[in-house]
Every structure is written in C-alpha cells, then in structure tokens.
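Below is one structure, written out as structure tokens, with a few remarks after it.
The values are calculated or read from the model by the stated rules, or taken from the named source; none is laboratory data. Bear in mind the structure is a predicted one, so any value in this text is a computation, not a measurement. Don't worry about glycine lacking a Cβ; one is built from the backbone with ideal geometry, like all the others, and counts go over all protein chains shown. Heavy atoms of the whole protein, side chains included, go into the accessibility calculation; ligands, DNA and RNA do not. Shrake-Rupley method; radii C 1.70, N 1.55, O 1.52, S 1.80 Å.
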Amino acid sequence: MSAADSPASPVRFRSRAFVLLGVGAALAAVAVADRDSVPLFLAVPLLLGPVAALLAAARAAAPRRVVWSVDGSRDEVEVVGSIEAAGAGPPTGIVPVFARPEPLVERVPPEVEATASGIEFRLHWSAPYPCLVTVECPTLVWRDPLGLLERNLPVLGEPLRVQRFPPELARAARAPLRRTTPLPGEVRARQLGPSGEFFGLRPYGEGDTARQVNWSATARSGRMLANDFRVERTGDLLIVLDLRPTSLGPEIDARLASVACAGAYGLAESFLDQKARVGLALFSEFVTAIPLGSGRRQRYQLLRALQAARIGDVAGPSERLAVSLRRYFPPGVTTVVVSPLADDDSTMVLPHLRRRGFPSFVLSPSPIRLLTEHPGPPTEDDARAVRLLQLVRRRRVADAWSEAPVVEWDDFWSLTALTSFFARPAGRRSGP
Amino acid sequence: MNGPPRSAIVDPRSLRAAAAVAFLSALLGVVGGVSLPVAVGIPLGGVAIALVVRSRPGPVAPEYGLLPALAGTGAVAALATPSLLVGALAGAAGLALLLWNAESPRDLVRGSDPFPGLLVPGLCLAVALLAAVALPAGRAAVGAAGVTLVVAFAIVVWALGEAWRDPEVPAKAI
C-alpha cells in the first residue's frame with residue numbers, strides 16, 4: 001500500500017454557511033434599522049449555526065484506508081471495496097466522493113453502506129466501449145452535523161486500474177510470429193514456454209494445463225508446481241497505433257483511440273503471457289516507441305504508455321512512421337497497425353511499412369457505430385447514412401487490403417475476426 | 001445506511017424540514033398580524049422554490065438553494081408585529097431552516113444526525129428569549145452588556161473547544 005494519497009486539509013466553511021451568515025447579518029441589520037426584535041430572533045440560529053459547527057469540528061483525523069477491487073466482465077465494471085480506519089470508530093459524518101473516469105458510465109446508483117468499522121461500497125459502472133482507465137482513490141469528506149463545515153480526510157490506497165477489452169484477445173497469442181535477429185549489442189532473455197526442452201519448475205499459474213503440471217514435484221512439495229520449457233523462440237510483435245487526427249472530429253477520434261489502446265493492450269498482454277517480445281509505437285506527429293521486450297516490467301511500461309496515449313494535434317507524414325520505426329525495431333518483426341482507416345491518408349502508412357521491411361496487418365476499429373449512435377429509433381435517413389458510411393469504409397478497407405490484410409473490428413466487444421485471422425493462413429480476407 | 005436513490009427528486013427528510021419551515025413561517029406571519037395571503041403565500045412560495053432548486057443536480061444547487069426559503073421567512077419576520085410568541089416562532093423557524101440546510105440529498109451517505117448541532121443555537125435562542133422577558137427594556141447599557149456577554153461567552157467556548165477537541169489520530173501514531 002502506498003503512502004497517503006490525499007493529505008488532511010484544514011476545516012473550511014461550505015458555501016451554505018456563508019449564505020446563513022449573510023442572511024443572518026441582513027436580518028440583524030433590518031432588526032436594528034426597524035427597531036424590531038422578530039428578525040433578530042430569526043437571525044440568532046442562523047448566526048450561531050456556523051459557530052456551533054466549529055465547536056463540533058475535530059482537530060485532526062485518522063487516515064482512512066481504501067481497500068477495493070474491480071470485478072465484472074465485458075462492459076460491466078463493478079467496483080467493490082471498503083473504507084476503514086483503524087481505531088477511529090464508526091465513520092460519523094464521513095461522506096465518500098467517487099470520481100468516475102471517462103468513458104465509464106453509471107449503470108445503477110452506487111450502494112454505499114456505513115458499518116461499525118467503516119464504509120462499504122459497490123459501484124455499478126459500465127464501459128460503452130473497450131478502454132484502459134485509472135480510477136483515483138475516493139475523496140473522503142468529513143462534515144459537521146449541520147453540514148456547514150467540511151474537511152478532506154487523508155486516504156491511503158492505490159488507484160484502481162480498469163482494463164476492458166474483448167475476451168477473444170486471450171486466445172490471440174496462438175498466432176505464429178516472425179522471429180527477428182537481435183540488434184547489435186542486444187542480449188536475449190531466456191525464452192520459456194509450454195513446450196520444448198525441460199528448463200525448470202515454477203509455481204502453478206492460472207491457465208496452465210494439466211499436462212504442464214509436474215505431479216511428482218507437486219506431491220513432494222505439497223503445492224502445485226508446473227514445468228517450464230525452454231522454447232526455441234516465441235517471436236516478436238510490434239503494435240503500431242495510428243493516433244493522428246482524422247476528419248471524424250476530436251470526440252470520435254478520442255473514442256476510437258480508447259478502443260485502439262484497449263485492444264493493443266489486450267493483444268500485448270496475450271503475447272507477453274506467451275513470453276513473446278512485444279514492442280509499441282504510438283504515431284501522431286512523431287513516433288513514441290517502446291522497444292521490444294517481455295516480462296512484467298514491459299507489460300507495465302506498455303500499460304502506462306497506452307493509458308497516456310492521446311490523439312495528436314498534428315498528423316505526421318506516413319513515411320515518417322516507417323522511417324522512425326527502423327530506429328527502434330529490427331525489420332521483419334510482425335507488425336499490427338491499429339488504425340480506424342478513417343481517412344484515405346491513413347492507408348498510406350502500409351506501403352511505407354512494407355517497403356521498410358515490416359510485414360504488417362491492420363486491426364481496424366470501425367467508426368461507423370460511433371458515428372451513428374444516437375437515442376431513439378433509427379429513421380430512414382439514418383439507415384441511408386449508415387449504408388453510405390459502410391460503402392465508403394468498404395472501399396477504404398479494399399484499398400488497404402492491396403497492401404496488407406485488414407481485420408475489421410465492428411463489434412467492439414468481440415474480436416472473433418482477429419482470432420480467426422490468426423488461425424487461418426495470412427492473406428485470407430476476414431470480415432464482410 | 002444507504003443514501004436516497006438518485007432518481008428521487010425530493011429527499012423525505014428534507015421534505016419534513018421544509019414542511020416545518022413552511023408551517024412555522026406561516027404561523028409566524030399569522031400570529032404576527034400579517035395578512036393571511038401574505039403570511040401563507042410568501043413562506044410557501046419560498047419553500048417551494050427552494051425545494052425545486054435544491055433538487056436540481058450539480059454542486060451549486062444544494063449550497064444556495066435555501067436562499068428563497070430564507071428570504072420568504074425573513075420577509076414575514078420583518079412584517080410581523082413584535083411579541084414574545086412571534087419571537088419564539090421566528091427562532092423556531094430559524095432552527096428549522098438550520099435543520100433543512102443540513103440535508104444534502106445527493107450525498108452517497110447520510111451525514112451524522114443534525115439534531116445535536118441544533119443544541120448550541122437552541123440554547124442561545126432560549127437565553128435571548130429569556131433575556132427579552134426578564135431584562136428591563138429600553139436601556140442601551142443592558143443591550144450592550146448583553147452583547148458583550150454573548151461575545152465573551154462565545155470566545156470562552158471556542159477556546160475551551162480547542163482544548164476539548166482531541167485528535168482522532170491513534171496514540172501510537174503521534
């Protein structure tokens with residue numbers, strides 16, 4: 001658990017206290033001017049309420065610890081947790097304030113219950129499309145009985161990371177990846193996997209098959225152990241995110257970028273689980289690259305980079321991407337270009353990548369659903385607009401296919417098209 | 001102790017406090033000799049507007065939403081003819097306004113019970129009412145002494161309050 005995220009703050013009056021004081025003072029002035037005692041009697045509680053609230057304020061507050069986790073699958077985001085304070089007694093007058101990050105939406109009102117030792121909560125959110133977001137620790141506010149004073153309480157706890165992407169990405173790592181030669185001075189780590197020559201024992205992990213379990217060693221040690229095998233190589237994967245602004249506008253671009261980042265992270269996680277090396281390139285005006293690597297540190301770096309990824313202000317020329325990639329990645333690495341193919345210019349990166357030696361395919365989240373979503377039943381004009389958009393997109397995808405295979409990602413919560421693309425020989429067209 | 005559902009427009013506890021404010025303010029006007037339409041209409045209108053404003057989403061509405069009710073009650077109090085009963089009703093209306101102001105219907109968790117918070121204002125109101133009954137009227141010196149006494153009392157209470165307020169931090173953490 002990290003150190004306190006939010007320090008204790010001094011007691012402060014809320015705006016409603018100033019309203020009471022102002023009205024009370026005005027009534028007192030009226031009473032003096034009119035020589036009338038009735039407004040004065042009305043003013044007495046209004047003026048003394050804030051004073052009484054000050055008397056109730058504690059000088060210092062014990063830090064509260066937030067223990068929480070995220071649950072749910074697909075678009076459901078269920079945040080369950082509790083706020084506890086050791087030795088501070090019941091949480092009298094403490095109100096938690098939860099910051100819901102975009103694009104999560106509230107599905108059902110939160111359940112918050114004050115218990116003898118703390119506050120238990122359950123937040124029912126949903127993600128309208130795949131995303132990687134961080135939920136900051138809730139703010140705790142103490143309020144006096146009259147609600148006129150408040151103070152922020154110190155909170156101990158970690159921010160919560162929410163990652164939502166199609167579950168099919170877990171099976172994506174079956175794809176055969178190209179092997180690349182190391183760069184000068186590069187030393188490869190051991191390549192371990194589920195098959196090959198026996199390398200050693202490790203604790204059993206989720207996802208290990210019964211065949212991988214070393215039953216003799218498990219019986220001797222009393223805990224589940226699995227075999228690790230030294231594999232020849234698992235391969236390398238480069239994920240390129242096209243974050244250039246498009247004609248769809250900043251809002252749609254941002255949503256598509258969120259979908260692309262979530263998909264990229266799911267893909268990277270899946271391949272990292274198989275001990276493959278994964279690299280990342282974010283392309284807006286210039287290229288931001290994370291070189292090929294594996295392991296938990298690489299996974300964390302990729303997550304941080306993808307969470308911070310935003311659509312750039314200026315679109316860089318397509319050739320710059322391919323030229324820059326050669327500085328960070330060896331040619332020949334299997335390359336996934338995650339791009340919505342929203343403009344004709346977006347397909348121009350593919351020939352440049354091919355010429356620079358990056359065998360690539362495109363994972364293309366479709367913007368049509370985002371462009372046409374609106375409340376109410378669709379009209380005839382809507383259907384016509386959708387048809388036109390589909391025609392335009394089909395033409396653009398066909399153009400892209402002349403350079404590289406394209407996997408269309410229409411339903412954001414399913415990537416069956418990608419897994420079937422990996423399962424079939426490259427070059428076979430997927431999607432409609 | 002769950003908070004009220006977000007969809008509820010008016011919190012029931014707020015409604016009780018609002019009804020108390022409306023009733024006491026109207027009674028204040030009626031007993032104070034204000035014409036019946038004014039005595040009833042102004043407080044009811046103020047309370048209704050305040051209820052609507054406070055039910056609106058956003059952080060500003062609950063903070064400033066009570067102003068119409070305060071203005072309505074204040075107007076009736078200014079129009080009322082002074083008497084001990086009218087003064088007591090005005091004080092009670094002020095306490096009811098404090099009670100209503102303590103409500104934040106959109107908070108996830110209820111704050112602590114607001115009634116203990118009314119103790120000090122209620123006691124001071126009682127002292128003021130007793131002073132109005134017992135002390136001789138028409139002498140400026142008595143008024144000045146009363147004000148000085150109240151100010152001194154508040155300062156002493158504040159100072160003692162500083163000493164009484166123990167830190168909530170556990171001893172081992174100090």
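Considering (1) of a type outside the set (A, V, I, L, M, F, W, C); (2) outside any loop (DSSP other than H, G, I, E, B); (3) touching a helix residue (DSSP H, G or I) at 6+ places or on another chain (Cβ under 8 Å), the lone condition that residue A:145 does not fulfil carries the number (2). For segment A:193-207, does any single residue satisfy the condition of being open to solvent by 70 Å² or more (accessible area, probe 1.4 Å), part of a loop (DSSP other than H, G, I, E, B), within 26 Å of residue A:265 (Cβ to Cβ) and at pLDDT 85 or above? Looking for residues that are open to solvent by 70 Å² or more (accessible area, probe 1.4 Å), part of a loop (DSSP other than H, G, I, E, B), within 26 Å of residue A:265 (Cβ to Cβ) and at pLDDT 85 or above, one finds at least one in segment A:193-207, hence yes.
Against the conditions (1) part of a helix (DSSP H, G or I); (2) open to solvent by 80 Å² or more (accessible area, probe 1.4 Å), residue A:378 satisfies every one except (1).
Out of all the residues in segment A:19-37, which are of a type in the set (A, V, I, L, M, F, W, C), open to solvent by 40 Å² or more (accessible area, probe 1.4 Å) and facing another protein chain (nearest Cβ under 9 Å)? Let's see the steps before the verdict.
To start, the set of residues in segment A:19-37 that are of a type in the set (A, V, I, L, M, F, W, C) comprises A:19-21, A:23, A:25-33.
From what's left, open to solvent by 40 Å² or more (accessible area, probe 1.4 Å): A:21, A:25-26, A:29-30, A:32-33.
Hits for segment A:19-37 are A:26, A:30.
Does residue B:161 satisfy the condition of being modelled with pLDDT of 80 or more, touching a Leu at 6+ places or on another chain (Cβ under 9 Å) and outside any loop (DSSP other than H, G, I, E, B)?
On the way: modelled with pLDDT of 80 or more: no; touching a Leu at 6+ places or on another chain (Cβ under 9 Å): yes; outside any loop (DSSP other than H, G, I, E, B): yes.
No: the conditions fail for residue B:161.
From the list A:383, A:417, A:322, the one residue that fits, being touching a Phe, Trp or Tyr at 6+ places or on another chain (Cβ under 9 Å) and free of Cβ contacts under 8 Å to residues at least 24 places away in the same chain, is A:417.
Selection within segment A:110-125: residues that are open to solvent by 60 Å² or more (accessible area, probe 1.4 Å) and more than 14 Å from residue A:93 (Cα to Cα). The member of this set that is modelled with the highest pLDDT is A:122. Would you check if there is a residue in segment A:328-350 being in a helix (DSSP H, G or I), within 24 Å of residue A:400 (Cα to Cα) and of a type in the set (Phe, Trp, Tyr)? Looking through segment A:328-350, none of the residues is in a helix (DSSP H, G or I), within 24 Å of residue A:400 (Cα to Cα) and of a type in the set (Phe, Trp, Tyr). Mind listing whichever residues of segment B:47-70 are at the interface with chain A (Cβ under 8 Å from one of its Cβ atoms), buried (at least 17 other Cβ atoms within 10 Å of the Cβ) and part of a helix (DSSP H, G or I)? Result: B:62, B:63, B:67, B:70. Considering segment B:89-102, and only residues there that are facing chain A (nearest Cβ under 7 Å) and over 16 Å from residue B:54 (Cα atoms), the residue that is most open to solvent (accessible area, probe 1.4 Å) turns out to be B:95. With respect to residue B:171, determine if the residue is farther than 23 Å from residue A:150 by Cα and modelled with pLDDT under 65. Criteria met by residue B:171. When you check residue A:392 against the structure, is it among the β-branched types (Val, Ile, Thr) and open to solvent by 40 Å² or more (accessible area, probe 1.4 Å), yes or no? Answer is yes for this residue.
I need the full set of residues from segment B:114-127 which are buried (at least 20 other Cβ atoms within 10 Å of the Cβ) and facing chain A (nearest Cβ under 7 Å), in order please. Across segment B:114-127, the qualifying residues are B:114, B:117, B:120, B:121, B:124, B:125. Please enumerate the residues belonging to segment A:282-309 that are surrounded by fewer than 15 Cβ atoms within 10 Å (Cβ to Cβ) and touching a helix residue (DSSP H, G or I) at 6+ places or on another chain (Cβ under 8 Å). A:286, A:295 - these are the residues of segment A:282-309 that are surrounded by fewer than 15 Cβ atoms within 10 Å (Cβ to Cβ) and touching a helix residue (DSSP H, G or I) at 6+ places or on another chain (Cβ under 8 Å). The selection criterion, being at pLDDT 90 or above and more than 26 Å from residue A:133 (Cα to Cα), does not hold for residue A:333.
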